[in-house]
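One structure is given here, and the rest of the page talks about it.
Computed from the coordinates by the stated procedures, all read-outs in this text should not be read as laboratory data. Just so we're clear, the structure is a prediction, and the values are computed from it rather than from any experiment. Cβ atoms come from the backbone with ideal geometry, glycine included; neighbour counts cover every protein chain shown.
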């Protein structure tokens, strides 16, 4: 046998060995569970959960099943993670650039931020923001009145809920699509004429929001508006953003922003100094040379650590359980596990979810990573 | 990038995995305990006044902690031969199932699904409790039935969580739940005003109130919305071990009924002419031998830990800050429910 054949044999036997081991674990576990008189299986997912959840993006009440609880947990985890990833990315890039600023005050402040938050455990960070919110904002009885359209107190931010009719939703979608096409075309022409594009996302958001607001105002889009109102104990009606969600997102964004800032700084330093000198000498401004010349080259260094940062954001969002944010670990691996006692099934499901999400993030960002790498010829 | 919580979660997970997967849970717990030389007992994380609370001298005190000591005293004649495992609500059952602890005395409500579905046995009830509510006094609420629309804080993994929903649904009311992982965060948030009411076992609420900066700012509502028999839990299928735990506990209850205390037990033993007491204290008969523990187990329990009444008063009763009435926990002969089957 040559070396290649030996290596194939070794690999195959390793895989077979691992499969056998997994099989052994499953069989022993089932036998032990049966011996202990504990039931197993996924049948519990169809049972009624019987507990309420404070915050959910999808329709949920205590009459729903444990499977629904799983879905609520997933959506809440994803909501917090996605916003926190955007948050830490924005903070990270701004602070990362600031770290290299020629202005000592800017660089100093950025350095203090990074060192402070990178060196404090995330759980403390989240608890800190949570109790700051609870103690900073007024009690329900003394809520801030937001110009008659909403309320702000320690239990959340309350805004009117605008529920459009199906036709109204179609019109809104159409507005966004038409605006996007228009802005992209305009941007393309601008680039051809002047050499610079425009800030497309910003313009799309601004124009479509204005148009939709106008259409709502004159009644073209039919919609029902539910205003938040004070009741005996709480503000009810409308939509509310709970302090647990805010504290979790703020904590995650600030903590992970400090790491992203360091990745960005490293990336920027990896670009040869001649690049920025050359960019400036062609007449680009500081910001233009950063955006058009330096950052694109820095990305190939920034992306790999940035991928693992985002994986960590998703996993660390499970700390929301400590401050009662109803994410997957809190309501599924916590409450549901306790009510049903199905530790193995539930923990495996939660693990499978985090695994899948992490793989998806890696996949997407790896594709992006390939795009930003130098094309060597 | 990892932190304590992650590690704890991982530890719990590993416990499930290794515990249930690898080693079949030991069939004879008593044998194991004797061999090891100490009892492993699961209790609250030291922040549950009256039940398991870490005092200034770093000693865990409380009725749950003393229940563990009773069992240690019965087996070893020494209440200090117990190692306490502080457990969160959601860790407690896994720890017992995986064999990390020998018994659980952690304000655990005896329910059918836990008894049968989780494959446990409840050895005895060391505290009869019920779920209640505590609210901020300035809300002017005087009954739980006025709580429609209120925000209610509770801790995850408890029967309280389900009881609240049942109670509100049954009374046609709604509420919004805020569920924390740990009771310490639940407490801080409640005091910070995150919720209108806090719901848990009445004994726990009494403990919570005295921890407030100004206890008069909070009112305990009169309604008790559930039955919460809090008991000692062991794994199903080890009857001998369950018997040891049950009868060690009953010794403390029986002692109170017979009027034997930690102070007078030696006197009683010296003066005794009553054969029932002689059997009970191990002077004659083979009751301890039947259980597989020393003949004088009851004497050791009474002498080193005390009778049920003594334990109750010093941990949750009149001599403690909680100042709870005996109520349901009085002896059956005083109109309560604490009742020990005869030791004969």
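Who wins for biggest fluctuation among B:52, B:27, B:298 in a Gaussian network model of chain B, springs between alpha carbons below 10 Å? Answer for the Gaussian network model of chain B: B:27. Note that the range B:104-247, at 37 °C in a medium of 0.692 mPa s, gets a Stokes-Einstein diffusion coefficient of 204 µm²/s from its Kirkwood radius over C-alpha pairs.
The range A:192-259 and the range A:299-377 have their alpha-carbon centroids 25 Å apart.
Note on A:132-138: average number of Cβ atoms from other chains within 10 Å of each residue's Cβ is 2. Using only the C-alpha atoms, the convex hull of chain B corresponds to 150 Å³ per residue.
Working from label points 7 Å from Cα in the Cα-to-Cβ sense, the residue A:5 to residue B:289 distance is 7.4 nm. Rounded to the nearest 500, the 222 nm mean residue ellipticity of chain B from helices alone is -11000 deg cm²/dmol, with -39,500 (n - 2.57) taken per DSSP H run of at least 4 residues.
P(r) tail, chain A: Cα-Cα pairs separated by more than 33 Å, 51% of all pairs. Look at the alpha carbon pairs under 8 Å that are at least 6 residues apart: their mean separation over the length of the range A:146-255 gives a relative contact order of 42 percent.
Once the gyration tensor of the Cα atoms in the range B:219-336 is diagonalised, the equivalent ellipsoid follows with semi-axes of 29, 20, 11 Å, ordered largest first. Only bridges whose two residues both fall in chain B count here: according to DSSP, what percent of them are antiparallel, nearest 5? Expressed as a percentage, antiparallel bridges in chain B total about 60.
Volume per residue for the protein assembly as shown equals 220 cubic angstrom (convex hull of Cα atoms).
What translational D, rounded to a whole number of µm²/s, comes out for the range B:174-266 from Stokes-Einstein when the hydrodynamic radius is the Kirkwood one over Cα pairs, at 4 °C and 1.567 mPa s? This corresponds to a translational diffusion coefficient of 75 µm²/s. Counts of other chain beta carbons within 10 angstrom of each beta carbon in peptide A:233-240 average 3. Of all the options A:249, A:344, A:181, the one that moves most in a Gaussian network model of chain A with Cα springs shorter than 10 angstrom is A:181.
Per-residue ellipticity at 222 nm, computed for chain A from helices alone with -39500 (n - 2.57) per DSSP H run of at least four residues, works out to -22000 deg cm²/dmol.
Other protein chain C-beta atoms within 10 Å of residue C-beta, averaged over B:188-196: 6. Sorted on the mean count of surrounding Cβ atoms within 10 Å across their residues, most packed first, peptides B:307-313, B:166-172 read B:307-313, B:166-172.
Taking chain B as a Gaussian network of alpha-carbon nodes connected by springs under 10 Å, the highest mean-square fluctuation of the residues B:245, B:301, B:265 belongs to B:265.
For the range A:161-223, the Cα-based Rg and Dmax, in that order, read 14.1, 43 Å.
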